[in-house]
Amino acid sequence: MTNPERQIIFFDGVCNLCNSSVQKILKNDKRGKYHFASLQSDFTQQFFKEKQYQPKAESIILYNGKKFYHKSAAVLRVAGNLRFPYPMLSVLRIFPPFISNMVYDFVARNRYRWFGKRESCMIPEPRWKQRFVDQN
């Protein structure tokens, strides 16, 4: 799983915004670089334990095979590797992380109210199932 070509995005599996973001990534990541696991899964808990990683807060987390990125750093790294127009978001890296993370935190705090929440984690479509490491 430490193959840098196979990166893992950990996401909130009950969040509608997070789930729709995963769907967008799946459709725009034609090389299949990104794989997914919900933060709520046993796989994720075991993976974090094996890597001795303690997330500071519940947020999107990207593991690139070597390092963990979270919040806006994760979002901007992923966006930079998708099809147009998403790489244009990389220009937001000019802002210091404390500013971009403030925006990220504001959206994260309100995501359930604005976008809703599911009763359980998303079940991927059969064509995407191999991209979900916690479903295998």
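Check Phe48 against each of (1) hydrophobic (A, V, I, L, M, F, W, C); (2) modelled with pLDDT of 90 or more; (3) closer than 18 Å to Phe11 by Cα; (4) surrounded by fewer than 12 Cβ atoms within 10 Å (Cβ to Cβ) and name the one condition it does not meet.
All conditions pass for Phe48, except number (4).
Give the residue, chosen from Gly65, Gly32, Gly80, that is more than 21 Å from Glu125 (Cβ to Cβ) and out of contact with any helix residue (DSSP H, G or I) (no Cβ under 6 Å at 6 or more places or on another chain).
Answer to the check: Gly65.
When the residues of the range 84-112 are filtered to those that are in contact (Cβ under 8 Å) with a residue 12 or more places away in the chain and basic (Lys, Arg), which remaining residue is farthest from Asn16 (Cα to Cα)?
Arg93
Ile25 is checked against (1) closer than 23 Å to Gln130 by Cβ; (2) at pLDDT below 90; (3) hydrophobic (A, V, I, L, M, F, W, C); (4) within 13 Å of the chain's Cα centre (by Cα) and fails just one. What number does that condition carry?
Condition not satisfied by Ile25: (2).
Of everything in the range 80-133, what is surrounded by 14 or more Cβ atoms within 10 Å (Cβ to Cβ) and polar (S, T, N, Q)? Give them in sequence order.
Correct list: Asn81, Ser100, Asn101.
Per-residue answers, yes or no, for (1) within 27 Å of Ile99 (Cβ to Cβ); (2) in contact with a Gly (Cβ under 9 Å, 6 or more places away or on another chain):
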| site | (1), (2) |
| --- | --- |
| Lys33 | no, no |
| Ala37 | no, yes |
| Phe43 | no, no |
| Gln46 | no, no |
| Gln54 | yes, no |
| Ser72 | yes, no |
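Report, by residue number, each residue of the range 43-83 that is farther than 19 Å from Gln23 by Cβ, of a type outside the set (A, V, I, L, M, F, W, C) and part of a loop (DSSP other than H, G, I, E, B).
Listed by number, the residues that qualify are Lys51, Gln52, Tyr53, Gln54, Pro55, Lys56, Glu58, Asn64, Gly65, Lys66, Lys67.
Assess whether Ser72 counts as being crowded, with 17+ Cβ neighbours inside 10 Å, over 18 Å from Arg127 (Cα atoms), touching a residue at least 60 places away in the same chain (Cβ under 8 Å) and more than 9 Å from the chain's Cα centre (by Cα).
no
Taking into account only those residues within the range 13-42 that are part of a strand (DSSP E or B) and small (Gly, Ala, Ser), which is nearest to Phe106 (Cα to Cα)?
Looking at residues that are part of a strand (DSSP E or B) and small (Gly, Ala, Ser), I get Ser38.
Please work out which residue is farthest from Ile8 (Cα to Cα), limiting yourself to the range 58-69 and to residues that are touching a residue at least 24 places away in the same chain (Cβ under 8 Å) and buried (at least 16 other Cβ atoms within 10 Å of the Cβ).
To start, the set of residues in the range 58-69 that are touching a residue at least 24 places away in the same chain (Cβ under 8 Å) comprises 58-66.
Add one more test, that the residue is buried (at least 16 other Cβ atoms within 10 Å of the Cβ), and what stays is 59-64.
Working: Ser59: 14, Ile60: 10, Ile61: 8, Leu62: 6, Tyr63: 5, Asn64: 7 Å.
Of everything passing the filter in the range 58-69, Ser59 is farthest from Ile8 (Cα to Cα).
The values are calculated or read from the model by the stated rules, or taken from the named source; none is laboratory data. Just so it is clear, the structure is predicted and the values come from calculations on it, not from any experiment. Neighbour counts run over all protein chains shown; Cβ positions are idealised from the backbone, glycine included.
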